[in-house]
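Taken together, the values in this text are just the output of simple stated rules run on the coordinates, not laboratory data. Treat the numbers as computed from the prediction; the structure is a model and nothing was measured. Here the Cβ is made from the backbone with ideal geometry for all residues, glycine too, and neighbour counts use every protein chain on show.
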Amino acid sequence: MSTTVTAVPAVHLDHLTAGYGGTPAVHDLDIRVEPGQIVSLLGANGAGKTTTLLTIAGEISPMSGDVQVLGDSKRRSLDHRARHGLGYLTEERCVFMNLTGRENLSLGRGSVDAALEYFPELREHLGKKAGLMSGGQQQMLALGRVLAGQPKVLLADELSLGLAPLIVQRLLKVLRQAADRGVAVVLVEQHVRHALEIADHAYVLRRGRIVLEGPAADLRGSADEIAQHYLTGES
């Protein structure tokens, strides 16, 4: 796992405060993600994890502080960031149910073959409509399509939502594979133990603030305690 600190990180949030309608949802965040590194954002629903991803993606403008993505600290739209190396996998499965697997993969910035390098098991399902695939296969389609475009930064929000543990492990293994190829990954994940197993660094958010952070290797032994104390609600 890569933990090398570079002069220009892939993502750097510097005292970031952001939210909706003038109301902050995250406060004074300092987060750094290096190329080839997986950083996990952990916390209960409402802790500010998705807001953080949306701000990195350019969908939400900061109230204060700075967002730097691939050395660019100007405020950019999601479309601009996507054209310049950002991949974003939202918590809704980003597939078109009436299109076949091949058609879904063809909609990305990369090739079908590039997607199949990550998920060769999809080959036999390319002619099937996505709506007839399992939830795990749909998520493989979505992740494979994004990774085929060779992003430099990947934002992944609740990748494992509603999926069986074996499928979750398969998806997270591919995230690790992508990171080992140099992709910077920001992972929002409810399964603390799974997230810490593949991450290099982790931040725990509560009510929009970082309350715990550190190398994932140092936090793995406390995975159950982290889940109990920080992911059971925002009370």
Could you tell me whether segment 134-199 comes out rounded, prolate or oblate from its Cα gyration tensor? Rule is a ≥ b ≥ c as square roots of the eigenvalues, rounded for a/c under 1.5, then prolate if a/b exceeds b/c, otherwise oblate. oblate
Here the membrane-span-like helices of the chain, with no claim about any membrane, defined by DSSP H, Cα axial extent at least 15 Å and mean Kyte-Doolittle at least 0.0, are 135-148, 165-180
Separation between the residue 30 and residue 91 pseudo-spin-labels, each 7 Å from Cα along Cα→Cβ, expressed in nm? 2.8
For 140, 63, 133, 97, order by how many other beta-carbon atoms lie within 10 Å, fewest first: 97, 63, 133, 140
Hz values of 3J(HN,Hα) by residue in segment 210-218 - Karplus curve (6.51, -1.76, 1.60), Gly and Pro given as x: 6, 10, 7, 8, x, x, 4, 4, 7
Quick one: which residues, 5+ away or cross-chain, put their amide H under 5 Å from the amide H of residue 109? H built at 1.01 Å from N. 149
Under 5 Å, built H, 5+ apart or other chain: amide partners of residue 87: 152, 153, 154, 155
Taking a ≥ b ≥ c as the square roots of the eigenvalues of the Cα gyration tensor of segment 95-150, is the shape rounded (a/c under 1.5), prolate (a/b larger than b/c) or oblate? prolate
With a Förster distance of 30 angstrom and the Cβ-Cβ distance between residue 211 and residue 121, calculated FRET efficiency to the nearest 0.05 equals 0.15
What does the extension gain come out to for residue 161 and residue 180, with contour length at 0.36 nm per residue minus their alpha carbon separation? 4.5 nm
Using alpha carbon positions and the Kirkwood radius, the Rg to Rh ratio of the chain is 0.96
Find me the longest stretch of the chain that has none of the exposed trypsin sites (Lys or Arg not before Pro), where exposed means in a DSSP loop (not H, G, I, E or B) with at most 16 other Cβ atoms within 10 Å. 1-73
In whole Hz, the Karplus estimates of ³J(HN,Hα) for segment 98-110 (6.51, -1.76, 1.60; θ = phi - 60°; x where Gly or Pro) are 8, 9, 6, x, 4, 5, 4, 5, 6, 6, x, 7, x
Sorted by chain and number, the residues with a modelled amide H under 5 Å from that of residue 212, at a separation of 5 or more or across chains, are 204
Helical contribution to [θ] at 222 nm, DSSP H n ≥ 4, -39,500 (n - 2.57), averaged over the chain, rounded to 500: -9000 deg cm²/dmol
Can you tell which of 26, 186, 168 shows the greatest fluctuation in a Gaussian network model of the chain with Cα springs below 10 Å? 168
